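What follows draws every value from the coordinates through simple rules; no lab data is involved. Keep in mind it's a predicted model, so treat the numbers as computed, not measured. Ideal geometry is used to build each Cβ from the backbone, glycine not excepted, and the neighbour counts take in all protein chains shown.
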Amino acid sequence: MKNNNFGAFIAQKRKEQQWTLRQLANLLDISAPYLSDVEKGRRHPFDIEKLKRLTQILKLNKEEETIMMDLAGQERSEVPPDLPEYILENEVVRVALRTARDQGVGEAEWKKFLKSLKEDS
């Protein structure tokens, strides 16, 4: 499953669950035309609360939820919506991100760091 935009991802997942556009819109408490616009990329992705509801309604696994959040952030040119609260609540995370930025930490270093985190858990 390779979707490069939020709307296509949501449309695919909606169809996999056999929800009509109108049914999913009702569950999200939005209009069907609004949902259609989101799926077609004419409107921005939803806020974090609707994204959390979508995760439940569409029965997304953790990987799919991460993809959805990343796509939502990319379309808004923002940090994925599931991360700001975590960043804001953890000073050490903010310090780490700034330090990495200021020291020019690249992808290879981040991959090494993630590997060590996963090995420790």
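Taking the Cα-to-Cβ direction at residue 91 and at residue 62 and moving 7 Å from each Cα, how far apart do the two end points lie in nm?
It is 2.9 nm.
Return the sequence-ordered ³J(HN,Hα) values of the range 71-78 in whole Hz as given by the Karplus equation 6.51 cos²θ - 1.76 cosθ + 1.60 applied to θ = phi - 60°, using x for Gly and Pro.
5, 4, x, 4, 5, 8, 6, 9
Give the lysines reachable from residue 112 as a straight Cα distance under 24 Å; neighbours fewer than 8 places away on the same chain don't count.
By straight Cα distance, residue 112 reaches 62.
If packing is taken as the average count of other Cβ atoms within 10 Å, what order do 65-71, 44-50 fall into, highest mean first?
Packing proxy ranking, top to bottom: 65-71, 44-50.
Mind sorting 114, 24 by how few other Cβ atoms lie within 10 Å of their own Cβ, fewest first? Don't skip to the end; give the middle numbers.
Details: 114 10, 24 22.
Neighbour counts put them in this order, fewest first: 114, 24.
Taking the mean number of other Cβ atoms within 10 Å as a proxy for protection, how do you rank 33-43, 95-105 from highest to lowest?
Details: 33-43: 16.0, 95-105: 10.7.
Per-residue Cβ counts within 10 Å, averaged per peptide and sorted highest first, yield 33-43, 95-105.
Can you work out ³J(HN,Hα) from phi for every residue in the range 90-103, in order, using Karplus 6.51 cos²θ - 1.76 cosθ + 1.60 and θ = phi - 60°, giving whole Hz and x for Gly and Pro?
Taking θ as phi minus 60°, the curve returns 10, 4, 4, 5, 4, 5, 4, 5, 5, 4, 4, 4, 5, 8 Hz for the range 90-103.
Which ordering of 75, 107 is given by a fewest-first count of other beta-carbon atoms within 10 Å? Intermediate values should be presented prior to the final figure.
Numbers: 75 16, 107 7.
So the ranking, lowest neighbour count to highest, is 107, 75.
For residue 111, list the aspartates and glutamates whose Cα falls under 19 Å from its own Cα; do not include residues on the same chain fewer than 8 positions away.
Of all the aspartates and glutamates, those that pass the test against residue 111 - Cα under 19 Å, at least 8 places apart if same chain - are 63, 70, 102, 119, 120.
Would you compute the Debye intensity of the chain from its alpha-carbon atoms alone, equal scatterers and no solvent, and pass along log10 I(q)/I(0) at q = 0.17 Å⁻¹ to two decimals?
Listed by q, the Debye log ratios stand at -0.91.
Can you list the aspartates and glutamates whose alpha carbon is less than 16 Å from that of residue 59, not counting same-chain residues fewer than 8 positions off?
16, 49
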